[in-house]
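Inspection log for the structure reproduced underneath, given as C-alpha cells.
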C-alpha cells in the first residue's frame with residue numbers, strides 16, 4: 001500500500017528550487033507569457049515563502065513516499081479554516097494517487113489545529129485539478145478574479161471542503 005508523509009520543509013531554498021521546477025513545467029505553457037515567472041517570484045520564491053511563514057501563518061511540507069520527494073504543499077492556518085494554498089505533485093507522479101494521499105494528511109493537519117473547513121483557490125482553466133478536488137469532496141463556493149500586479153490576474157474558483 002502506498003503512503004505519503006508530510007515532512008516539514010525546513011530548507012526553503014531547496015523548496016523554492018523544487019517549486020520553481022514544477023511551476024515552470026506545469027504553468028508556463030498554460031498562462032500568458034511571463035505570468036508563471038512573475039508568480040514564481042511573488043508566491044513560490046524563498047523570500048516569498050519566508051514572508052508567508054512570518055506573516056501569514058504558513059506551514060510548508062515536502063510530500064514524500066518511500067524516501068522520494070514527489071511534491072509539496074503550503075498550508076495557512078486562518079481563524080476558522082485551513083487555507084490549502086499549494087499542493088503540487090511532480091509530473092512523473094501525477095495521476096497516481098499521491099495528491100489524494102497528501103490531502104488525507106492535510107485533513108489530519110487541519111483537524112489537529114481545530115479547523116472544520118479547508119478551502120483553496122484553483123485556476124478556472126485547470127480542469128484536471130478541479131475534477132480531482134471535486135472527486136475529493138470539495139464544492140465550488142465562489143468565483144474570484146484577483147489582481148496580482150504587473151497587469152496579471154488570477155481567475156479562480158474558491159473551493160471548500162467540510163471536515
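The values are calculated or read from the model by the stated rules, or taken from the named source; none is laboratory data. If you're wondering where the values come from, they're calculated on a predicted model, not measured in any experiment. Note: ideal-geometry Cβ built from the backbone for every residue, glycine included; neighbour counts use all protein chains shown.
Brief remarks on what is shown
- Filter result for residue 37 (more than 26 Å from residue 136 (Cα to Cα), free of Cβ contacts under 8 Å to residues at least 40 places away in the same chain and under 16 Å from the mean Cα position of the chain (by Cα)): no
- Note on region 114-137: residues that are under 22 Å from residue 3 (Cα atoms) and either touching a strand residue (DSSP E or B) at 6+ places or on another chain (Cβ under 6 Å) or at pLDDT below 95 (or both) amount to 4.
- Some residue of region 100-107 being crowded, with 18+ Cβ neighbours inside 10 Å, within 14 Å of residue 3 (Cβ to Cβ) and in contact with a helix residue (DSSP H, G or I) (Cβ under 7 Å, 6 or more places away or on another chain): no
- Yes/no for residue 60 being within 18 Å of residue 22 (Cα to Cα), in contact (Cβ under 8 Å) with a residue 60 or more places away in the chain, in contact with a helix residue (DSSP H, G or I) (Cβ under 8 Å, 6 or more places away or on another chain) and crowded, with 20+ Cβ neighbours inside 10 Å: no
- Residues that are buried (at least 16 other Cβ atoms within 10 Å of the Cβ), in contact (Cβ under 8 Å) with a residue 12 or more places away in the chain, out of contact with any helix residue (DSSP H, G or I) (no Cβ under 8 Å at 6 or more places or on another chain) and farther than 21 Å from residue 78 by Cα, drawn from region 113-153: 126, 130
- The helices (runs of 4 or more DSSP H) found entirely in region 9-91 that carry 1 or more residues being at pLDDT 95 or above and touching a strand residue (DSSP E or B) at 6+ places or on another chain (Cβ under 9 Å) are 12-27, 46-56.
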